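The values are calculated or read from the model by the stated rules, or taken from the named source; none is laboratory data. Since the model is a prediction, treat every value here as computed from it, not as a measurement. Every residue, glycine among them, receives a Cβ derived from its backbone with ideal geometry; neighbour counts consider all protein chains shown.
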Amino acid sequence: PAQKVAHELLSTPALRRNAQLRVHVSGCQNACAQQQIADLGFSGSKITIHGEGVLGYQVWVGGDLTTDRVGTVIGRVAESDVVAITEALVGAWEALCAPSESMADTVERVGTEALRGHLRAVFSGRWEPGPEPEEPELPDVLGERRPPAGRHGELRRVA
């Protein structure tokens, strides 16, 4: 799915207009595509949107390795809405940015709440602000702490 999403993003008008933007997409939630240092990053996993579990992506904005900026997760979106949310975010950046200003600079100057507000208005009911809530650690049979099942590419059987 991540390869399909990345391929679809290549042909979006917003990214064609702004070839300088760095967009990283990964089906892995463990930063395999280094989405945290991209202008726009998408880390795939099962996410929650308004209480429903769906396949989707956490949306990162404002990363820039050259200026030591780590992006921020501004929300979660279903896989089917990644292209639309990309168009919306790039459009908002185009409207807010100063001449020759990078997306990271714009995000630092105006803050992430301006982008969240735009997404709230455009994607009501199809987008959830903030990162995916962390699952609590689960005790194993010996009483030791361990990470939640299903993380880090593990296979698990669901009864």
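Restricting to segment 39-63, give me the number of residues that are touching a residue at least 40 places away in the same chain (Cβ under 8 Å), closer than 17 Å to residue 134 by Cβ and hydrophobic (A, V, I, L, M, F, W, C).
Residues flagged as touching a residue at least 40 places away in the same chain (Cβ under 8 Å), closer than 17 Å to residue 134 by Cβ and hydrophobic (A, V, I, L, M, F, W, C) within segment 39-63 amount to 2.
Enumerate the pairs (first residue in segment 9-38 and without any contact (Cβ under 8 Å) to a residue 60 or more places away in the chain; second residue anywhere and in a strand (DSSP E or B) and of a type in the set (Asp, Glu)) with beta-carbon separation below 9 Å, excluding pairs fewer than 6 apart on the same chain, so at least 6 apart or on different chains.
These pairs meet every condition: 22/64; 37/64; 38/64.
For residue 80, which of the numbered conditions (1) surrounded by 20 or more Cβ atoms within 10 Å (Cβ to Cβ); (2) under 16 Å from residue 127 (Cβ atoms); (3) of a type in the set (S, T, N, Q) fails to hold?
Of (1) surrounded by 20 or more Cβ atoms within 10 Å (Cβ to Cβ); (2) under 16 Å from residue 127 (Cβ atoms); (3) of a type in the set (S, T, N, Q), only one is false for residue 80: (1).
Given the structure, is residue 33 crowded, with 18+ Cβ neighbours inside 10 Å, among the hydrophobic types (A, V, I, L, M, F, W, C) and over 13 Å from the mean Cα position of the chain (by Cα)?
Answer is no for this residue.
Okay, residues lined up against (1) at pLDDT below 90; (2) in a strand (DSSP E or B):
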site: 32; (1), (2): yes, no
site: 36; (1), (2): yes, no
site: 58; (1), (2): no, yes
site: 75; (1), (2): no, yes
site: 81; (1), (2): no, no
site: 85; (1), (2): no, no
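Every residue in segment 43-63 that is over 21 Å from residue 110 (Cα atoms), of a type outside the set (A, V, I, L, M) and buried (at least 22 other Cβ atoms within 10 Å of the Cβ), please.
Matches in segment 43-63: 43, 44, 56, 57.
For segment 5-30, give me the residue count where each residue is basic (Lys, Arg) and outside any helix (DSSP H, G or I).
Count: 1.
For the structure I just gave you, tell me whether residue 66 is free of Cβ contacts under 8 Å to residues at least 24 places away in the same chain and surrounded by fewer than 19 Cβ atoms within 10 Å (Cβ to Cβ).
Numbers: free of Cβ contacts under 8 Å to residues at least 24 places away in the same chain: yes; surrounded by fewer than 19 Cβ atoms within 10 Å (Cβ to Cβ): yes.
The answer is yes for residue 66.
Does any residue of segment 93-114 turn out to be part of a helix (DSSP H, G or I), surrounded by fewer than 19 Cβ atoms within 10 Å (Cβ to Cβ) and basic (Lys, Arg)? Write out each step before concluding.
Step one: list which residues in segment 93-114 are part of a helix (DSSP H, G or I), which gives 93-96, 103-110, 112-114.
Checking the rest, the ones that are also surrounded by fewer than 19 Cβ atoms within 10 Å (Cβ to Cβ) come to 94-96, 105, 108-110, 112-114.
Going one step further and asking which of them are basic (Lys, Arg), we end up with 109.
Within segment 93-114, one or more residues are part of a helix (DSSP H, G or I), surrounded by fewer than 19 Cβ atoms within 10 Å (Cβ to Cβ) and basic (Lys, Arg).
Of the conditions (1) touching a Leu at 6+ places or on another chain (Cβ under 7 Å); (2) closer than 15 Å to residue 83 by Cα; (3) β-branched (Val, Ile, Thr), residue 59 satisfies every one except a single condition; which number is it?
Failing condition for residue 59: (1).
Every residue, every condition in (1) free of Cβ contacts under 8 Å to residues at least 24 places away in the same chain; (2) of a type in the set (Lys, Arg); (3) farther than 15 Å from residue 59 by Cα, yes or no:
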position	(1), (2), (3)
85	no, no, no
98	yes, no, yes
107	no, no, no
116	no, yes, no
121	yes, no, yes
